[in-house]
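To keep things clear, I will list the structure first and then write my remarks on it.
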Amino acid sequence: MANPDADLVFTGGPVRCMDAAGTRTTALAVRDGRIVALGADVAATVGPGTEVVPLAGRLLLPGFQDAHVHAVFGGLELGQCDLTGTTDVHEYRRRVREYADAHPRAEWITGGGWSMESFPGGVPTADLLDDLVPDRPVFLYNRDHHGAWVNSRALHRAGLTAGTPDPADGVINRDAGGHPSGGLQEGAVALVADLVPKPTDADRLEGLLRAQTVLHSLGVTGWQDAMLCATNGYPEVSGAYLSAARDGLLTATVTGALWWDRDRGAGQIPDLVARREALTVGRLRCSTVKIMQDGVAENFTAAMTAPYRDACGHVTANSGLSFVDPAALREYVVALDALDFQVHFHALGDRAVREALDAVAAARAAHGFRDTRPHLAHLQVVHPEDVHRFRELGATANIQALWAAHEPQMDDLTIPFLGGDLAAHQYPFGDLHRAGARLAAGSDWPVSDPSPMAAVHTAVNRRNHGSTGPVFLPGQRLDLHTALAAYTAGSAYVNHRDDSGVLAVGNRADLVVLDRDPFAGPPEQIGATGVERTVIDGRTVFAAS
């Protein structure tokens, strides 16, 4: 007879189930990796071998799931020249010099994490690196990974001169004489990135495992990696996931989004089908296709319905880039939907959002409402006329809430350049929620902080934790339950993990214990919340010391 006793019990509440009814209770029991009891029923499951954890005011939730992250990149960059956590150019230079001195045999100096706000016009120059590393090429991604900073040796290695044309999907930043100045945007990044020695298989696996440790420490039990089998200048990381899944090293449950090569068109679909089969192993499944429809607002490549302004406030002829022709996009999404692929769109500008929603609408018209669960990530600008379409089309709004705040990159490099009234329609989380859109949430790490609680803080306050500045579009704030539901039930839905994301009997015991109950304190302190324990399938994968 099977042992009826629970393996693990949490008692003394609070416990929030994150279901649609907002259920709260005080206890939860786990056996064989599943939730077997809640509330008053838990007492009967406690036996001599049960581990009992008193919550004592610490909040128990379903484990967080990150619906848009680049885990391998984040882990790799932690081992490279890391420029995150500062906006000081002198500190960037100090770290570059320190890293170069510590790695004298490295053929290239690589890394990233610099902020556009650190440089005039958001663009760094090669001369700031040339005196630090004159003998080797330097390649450093910016914080959002849509641009790169390189030295003159790297420009020379790539053969970039005043006569080199900009690629169709990017920009080479230039000086007054037309010569490349050291900044590369969007597709132009690949002109140098393709020359950088690729990380070895061992490097990528080490990066994944390093990232997994970081994410577990933040309460993340699963995620959707937004870029597997990448091209267009981005590195390929699927081998690391495959190795980890096969060898039992992957403790998280991961959905991999297979990259849509914007240069290949529909001819790549059979390859995607083959990759889906080959990369669905153990805790890894790859039934999603990622389509990057536009760029970012700071370098004027996000696709907008109104043209950008220049530094003097004059209207320009530039409305951003649609990387995939909108008519072709509809054709591709219809074809992918027919093959049961989920589509994960990068859609940052309101024109890109509309083009992605039009593609979802075409798939719905062709096939009805198949359970493919399309989602649109980033959503910096959403036209008011399109807000209601998320619910009507069953398209999930995948939010990266940390960006919805006043900071120099927003105030100096974005708002002054957005045309029309686009600046007033940024990150409209509240409007989307009120219109009935399903919300999921992700970090986009290493673009930004991977902490779910940091993002939840910003979603609720529309200010980053620690900021005392003005609230950013306060009408778009979310309540705390809704923000947490996006990072639990909403992301679980996007990841087709219907037995997780909500605490219910029979569901997987993927859990996080916070170090406090953020509902019991002021909203301004949500971001101070830490993680005490992370549990996956009933097994503790992280415990705070």
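Search region 78-91 for residues being touching a strand residue (DSSP E or B) at 6+ places or on another chain (Cβ under 6 Å) and in a loop (DSSP other than H, G, I, E, B), and hand back the single one that is modelled with the lowest pLDDT.
Filtering first and then ranking leaves 84.
Taking region 217-242 as the region of interest, how many residues are in contact with a Ser or Thr (Cβ under 6 Å, 6 or more places away or on another chain) and either aliphatic (A, V, I, L, M) or assigned by TED's automatic domain parsing to the domain that holds residue 456 (or both)?
Here is the first cut: in region 217-242, the ones in contact with a Ser or Thr (Cβ under 6 Å, 6 or more places away or on another chain) are 218-219, 222, 224, 228-229.
Retained after the next criterion (residues that are either aliphatic (A, V, I, L, M) or assigned by TED's automatic domain parsing to the domain that holds residue 456 (or both)): 218, 228.
So the count comes out to 2.
Which fully enclosed helices (runs of 4 or more DSSP H) of region 304-406 have 1 or more residues being within 21 Å of the chain's Cα centre (by Cα)? Reasoning before the result, please.
On the way: elements: 326-338, 350-367, 389-393.
Because the criterion is at least 1 residues that are within 21 Å of the chain's Cα centre (by Cα), the helices (runs of 4 or more DSSP H) in region 304-406 that meet it are 350-367, 389-393.
Taking region 246-265, which residues are over 23 Å from residue 217 (Cα atoms) and either touching a Lys or Arg at 6+ places or on another chain (Cβ under 7 Å) or surrounded by 15 or more Cβ atoms within 10 Å (Cβ to Cβ) (or both)?
257, 258, 259, 260, 261, 262 - these are the residues of region 246-265 that are over 23 Å from residue 217 (Cα atoms) and either touching a Lys or Arg at 6+ places or on another chain (Cβ under 7 Å) or surrounded by 15 or more Cβ atoms within 10 Å (Cβ to Cβ) (or both).
Any residue in region 94-113 that's loosely packed, with under 15 Cβ neighbours inside 10 Å: show its pairings with residues that are modelled with pLDDT under 95 and in a loop (DSSP other than H, G, I, E, B) at Cβ separation under 8 Å, as long as the two are six or more apart or on different chains.
Listed pairs, sorted by first residue: 107/197.
List every residue pair whose Cβ atoms lie under 8 Å apart, where the two residues are 6 or more positions apart in sequence or sit on different chains, the first residue falls within region 205-216 and is assigned by TED's automatic domain parsing to the domain that holds residue 530, and the second residue, located anywhere, is at pLDDT 95 or above.
Sorted first by the residue in region 205-216, then by its partner, the list stays empty.
Each row is one residue, and each column tells you yes or no for (1) outside any loop (DSSP other than H, G, I, E, B); (2) outside the structural domain of residue 403 (by TED's automatic domain parsing); (3) within 29 Å of the chain's Cα centre (by Cα); (4) of a type in the set (Ser, Thr, Tyr).
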{"position": "76", "(1), (2), (3), (4)": "yes, yes, yes, no"}
{"position": "93", "(1), (2), (3), (4)": "yes, yes, yes, no"}
{"position": "97", "(1), (2), (3), (4)": "yes, yes, no, no"}
{"position": "128", "(1), (2), (3), (4)": "yes, yes, no, no"}
{"position": "132", "(1), (2), (3), (4)": "no, yes, no, no"}
{"position": "136", "(1), (2), (3), (4)": "no, yes, no, no"}
{"position": "148", "(1), (2), (3), (4)": "yes, yes, yes, no"}
{"position": "163", "(1), (2), (3), (4)": "no, yes, no, no"}
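Inspect region 111-121 for any residue being assigned to a strand (DSSP E or B) and of a type in the set (Phe, Trp, Tyr) and give the result as yes or no.
The answer is yes, given that some residue of region 111-121 is assigned to a strand (DSSP E or B) and of a type in the set (Phe, Trp, Tyr).
Being among the charged types (D, E, K, R) and surrounded by fewer than 17 Cβ atoms within 10 Å (Cβ to Cβ) is the requirement here; does residue 201 meet it?
On the way: among the charged types (D, E, K, R): yes; surrounded by fewer than 17 Cβ atoms within 10 Å (Cβ to Cβ): yes.
Against the criterion (among the charged types (D, E, K, R) and surrounded by fewer than 17 Cβ atoms within 10 Å (Cβ to Cβ)), residue 201 qualifies.
Among the residues of region 456-479, which ones are in contact (Cβ under 8 Å) with a residue 24 or more places away in the chain, part of a helix (DSSP H, G or I) and more than 19 Å from the chain's Cα centre (by Cα)?
Result: 461, 475, 476.
When you go through 218, 208, 228 one by one, which is the residue that is aliphatic (A, V, I, L, M), surrounded by fewer than 23 Cβ atoms within 10 Å (Cβ to Cβ), closer than 30 Å to residue 512 by Cα and within 20 Å of the chain's Cα centre (by Cα)?
Just one listed residue meets the conditions, 218.
State yes or no: is residue 298 under 21 Å from the mean Cα position of the chain (by Cα) and in a helix (DSSP H, G or I)?
Details: under 21 Å from the mean Cα position of the chain (by Cα): yes; in a helix (DSSP H, G or I): yes.
Here the answer is yes, as residue 298 does meet what is asked.
Tally the residues that are part of a loop (DSSP other than H, G, I, E, B), farther than 19 Å from residue 318 by Cα and in contact with a helix residue (DSSP H, G or I) (Cβ under 8 Å, 6 or more places away or on another chain), restricting the search to region 165-192. First the steps, then the outcome.
Within region 165-192, the first condition is being part of a loop (DSSP other than H, G, I, E, B), and the residues that meet it are 165-169, 175-179.
Then drop every residue that is not farther than 19 Å from residue 318 by Cα, which leaves 175-179.
Filter once more, keeping what is in contact with a helix residue (DSSP H, G or I) (Cβ under 8 Å, 6 or more places away or on another chain): none.
Residues that pass the stated criteria total 0.
Does any residue of region 431-443 turn out to be at pLDDT below 95, over 16 Å from the mean Cα position of the chain (by Cα), on the phi < 0 side of the Ramachandran plot and among the hydrophobic types (A, V, I, L, M, F, W, C)? I'd like the intermediate steps shown before the answer.
Within region 431-443, the first condition is being at pLDDT below 95, and the residues that meet it are none.
There is no residue in region 431-443 that is at pLDDT below 95, over 16 Å from the mean Cα position of the chain (by Cα), on the phi < 0 side of the Ramachandran plot and among the hydrophobic types (A, V, I, L, M, F, W, C).
Search region 486-545 for residues being among the hydroxyl-bearing types (Ser, Thr, Tyr) and assigned to a strand (DSSP E or B), and hand back the single one that is farthest from residue 396 (Cα to Cα).
Taking the candidates together, the pick is 540.
Got at least one residue in region 17-36 being part of a helix (DSSP H, G or I) and more than 14 Å from residue 507 (Cβ to Cβ)? Don't jump to the end; show me each part of the working.
First pass over region 17-36, keeping only residues part of a helix (DSSP H, G or I): none.
No, that holds for no residue.
Under 19 Å from residue 146 (Cβ atoms) and not polar (S, T, N, Q): is that true of residue 159 in this structure? Explain how you work it out, then say what you get.
Values: under 19 Å from residue 146 (Cβ atoms): no; not polar (S, T, N, Q): yes.
Criteria not met by residue 159.
What residue, among those in region 300-316 that are crowded, with 21+ Cβ neighbours inside 10 Å and under 24 Å from residue 375 (Cβ atoms), is modelled with the lowest pLDDT?
The qualifying residue modelled with the lowest pLDDT is 301.
The values are calculated or read from the model by the stated rules, or taken from the named source; none is laboratory data. Note that the structure is predicted; figures quoted are calculated from it, not measured. Every residue, glycine among them, receives a Cβ derived from its backbone with ideal geometry; neighbour counts consider all protein chains shown.
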